[in-house]
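Taken together, the values in this text are just the output of simple stated rules run on the coordinates, not laboratory data. Small disclaimer: the values here were computed from a predicted structure and weren't measured. Cβ placement follows ideal geometry from the backbone for every residue including glycine, while neighbour counts extend to all protein chains displayed.
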Ligand code: HPA
C-alpha cells in the first residue's frame, strides 16, 4: 500500500541518517552512475566519505549487472582548490534496472529516498546506443527530451496510487531536462578543454535486456530518437514528480545496427558483410575509455550547484 511505501522510505532515510555524519546526510545532489561510470564517485574529495551497501538499507534491491556495483557513497564534491565550497552529494554506484526483474517502484526507490533526504538536483548518467547516424562510440549526448516506451504502453513508474507527499497525479514531462544545467554542462566542457564531441538529443527508453533489432533501430530513428538505452527515464520521471532538477548525460558506447539483414535470396558473396552486433563488453569498453571525461564534467557541474 501507499502507507507501506512511505514507511519503507522513512525506514531507509532513518537507516541512512543513523550512519552518515550530519554534514553529509543532507546532500544537495544525487548522482546516478551509468554502466562502467562508477568512477564518478572517485571524485568525492578526501577521507570524509561514507559508503553504504544497498543490502544494508531497507527497501534497496541489489544491483545484478556487470559494471554496476551496489552502494551509496556520501561525500563532498567540486573543483574548489581551497575545498571551501564543496557540495554534499550521494553517488548511486550501480543502478537498478527494470530488466533485472525489479518493478519500477523498486528501481526508483533510491530517488524517493534521496528526495526525502533533501536532494534538489539529480545528475543521471548512462551508457547508450547511438541511433542518430552521426553519433559514434565515445561521443556524449546531453539529454534534452525522451521517449518513454514502456511508460507509453502502460508500464510506468508513477502507475498506481499517487504519492501525494511527493508530487501531483499528472506531472508534466515537457520540461524534464533543465535548460540551465544543460547550458552549464556545455560551458564546463569548454572550460575543461574536452575534445570529445558533445551532442544534445532525445533518449529512447526501452526495457531491454535485448539490444535492438535492425528494424527497431530504424523505427527509433524514424520516431526522432538519437540514442537508446535501458535506464534513466524511470529515475527522471520520479525525480520530476517531486520537482527536482534533472541533468541527463548519455555516453554513446556503440552504434545501433540499422542496415537491413542480408537477404536469403541473394548470394552472400555478392554483399558486404553485415555490420556486427552490440555487446555488453563493447559497452563497458567504451564506457571505460570515456569515463574520465564524464567524471570531469560531473565534478565541475556539481561544483556550480
Ligand atoms: N541499446 C540499448 N541500450 C544500450 C545500448 C544499446 O545499443 N548500448 C548501451 N546501452
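For this structure, a couple of remarks:
- The stretch 37-98 versus the stretch 149-203: alpha-carbon centroid distance in Å: 20 Å
- Largest first, the extents of the alpha carbon coordinates of the stretch 81-233 on the three principal axes equal 51, 43, 27 Å.
- Convex hull volume of the C-alpha atoms in the stretch 139-188, normalised per residue: 109 Å³.
- When the chain is treated as a Gaussian network with alpha carbon springs shorter than 10 Å, the biggest mean-square fluctuation among 30, 285, 244 belongs to 285.
- Crossing angle, helix 2-19 versus the chain [Cα axis fit, 0-90 degrees, rounded to tens]: 70 degrees
- For the stretch 47-150, projected area of the alpha-carbon convex hull averaged over all directions, nm²: 9.2 nm²
- Volume per residue of the convex hull around the Cα atoms, evaluated for the chain, comes out as 132 Å³.
- Cβ crowding within 10 Å ranks 134, 214, 112, 300 as 134, 214, 300, 112, fewest other Cβ atoms first.
- Label point at residue 83 placed 7 Å out along Cα→Cβ; residues across the stretch 1-33 whose backbone nitrogen lies under 19 Å: 21-28
- Of all DSSP beta bridges in the chain, antiparallel share, percent nearest 5: 35 percent
- Each of 231, 207 was scored by other Cβ atoms within 10 Å of its Cβ. Listed from fewest to most, they are 207, 231.
- 222 nm mean residue ellipticity, helices alone, for the chain (DSSP H n ≥ 4; -39,500 (n - 2.57); rounded to 500): -9000 deg cm²/dmol
- When only alpha carbons of the stretch 10-108 are considered, Rg and Dmax amount to 13.8, 45 Å.
- Spin-label model, residue 62/residue 172: points 7 Å from Cα along the beta carbon direction are separated by 4.3 nm.
- Taking Cα atoms only, the orientation of helix 179-191 departs from the longest principal axis of the chain by about 80 degrees.
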